[in-house]
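To start, the structure itself, in structure tokens.
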Amino acid sequence: MATIIDVAKRAGVSVGTVSNVINNKVNVSQEKRERVLKAIKELNFQPSGTARMLKRGRTNSIALLIPQISKPFYSMIIEGAESAASENGYDLIFCRTHRDPKIEEKFLNLIGEKRVDGVILVSIEIDDKALDVVQENKYPVVLLERHINNSNIPSILIDNQSGAFKAVKYLIELGHRDIIFINGPTTTIPGMMRLKGYIEALSKYNLPFNKDLYREGEFDINNGYKGITEILKNHKATAVFAGSDTIAMGVFNGLQNMGLRVPEDISVIGFDDIYLASMLNPPLTTIRQPAFEMGYKAVEVLIDTINGKNRNETVEILETELIIRKSCKSLY
């Protein structure tokens, strides 16, 4: 495969002249330009798009920092981000962080090193001080499921509190009073705000918050299985609010092992509406959050930031929706 050096030799010019012709610079004589173009044609030379973009200070690459790639909710964010990036001529690079602040900070340095044009940070653990560097240097960054007060860093959030409120309100209106909540970590905005929504719904209907019916762990199957098994050993309940659909899957497994049926013996509602939710037996009633739209919107906002476009709002909040299937029953 021919290189720019081969073209320069064939045309009898410097590499710099070849570069100027490729990038349509005007400071090349017509005679030299024709020689270079002829050499490019003869050698079937394909200029590197990446090299040209780097010359202009752009890579047309975006980094997406995400805790896990395998979890369905994050997969939907990735799909949305990929669609928007592809439509706008950008490459998307995935960086799995495992919620490790050191890894997140390391990947943030990619912007400073000009290896990517911008970064999307999903459910990050990095502290606000590290993000101060982003603001000071005006790096193009968008936060998903994280917001910093008095910051000009764009954020896209799900209304997690409202979504949790809808879930618990639905159970209460079906007649349930003893409602287990198995949550994700409250060190994250989703976990923290879903707990607030749970407590808010209980309070609205004059129901106490019973810490014996609450468990907190990761947004995964193991947390759901372990949480429901531990709680039902010593306490009774008629319904479970799972902080994610993957937690709900673990709850289903735990209940099955205990010989309990959904919804005949106990009702279960989830949060996310991942593609597997409708395939469970019975199909899972859940709160749908627009994960695909979140990823898509994040890329749109980031590209605007890269291009210096001012947006009126630095925080966008996306709404949730109650999806009623067959995992909850009325006690009336």
Task: All positions within segment 160-206 that are under 20 Å from Asp273 (Cα atoms), assigned to a loop (DSSP other than H, G, I, E, B) and not hydroxyl-bearing (Ser, Thr, Tyr) - done: Gly184, Pro185
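Residue check: is Tyr275 part of a loop (DSSP other than H, G, I, E, B) and closer than 18 Å to Met76 by Cα?
Numbers: part of a loop (DSSP other than H, G, I, E, B): yes; closer than 18 Å to Met76 by Cα: yes.
Answer is yes for this residue.
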- [ ] For residues that are under 21 Å from Tyr214 (Cβ atoms) and basic (Lys, Arg), scanning just segment 140-175, find the one that is surrounded by the most Cβ atoms within 10 Å (Cβ to Cβ).
- [x] Lys166
TODO: Could you grab me the full set of residues in segment 260-272 that are out of contact with any Cys (no Cβ under 7 Å at 6 or more places or on another chain) and in a loop (DSSP other than H, G, I, E, B)?
DONE: Leu260, Arg261, Val262, Glu264, Asp265, Ile266, Gly270, Phe271
TODO: Sort through Ile287, Ile269 and tell me the only one that's under 17 Å from Glu216 (Cα atoms), buried (at least 18 other Cβ atoms within 10 Å of the Cβ), among the aliphatic types (A, V, I, L, M) and at pLDDT 95 or above.
DONE: Ile269
TODO: May I ask you to list pairs of residues, at least six apart or on different chains, whose Cβ atoms are under 7 Å apart, with the first in segment 7-20 being closer than 12 Å to Glu42 by Cβ and the second being among the acidic types (Asp, Glu) and at pLDDT 80 or above?
DONE: Arg10/Glu42
Open item on the list: Out of everything in segment 290-332 that is among the basic types (Lys, Arg) and surrounded by fewer than 18 Cβ atoms within 10 Å (Cβ to Cβ), what residue ends up being modelled with the lowest pLDDT?
Closed with: Arg311
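The values are calculated or read from the model by the stated rules, or taken from the named source; none is laboratory data. The structure presented is a predicted model; accordingly, all values stated were derived computationally and were not measured. All Cβ positions, glycine included, derive from the backbone under ideal geometry; neighbour counts span all protein chains shown.
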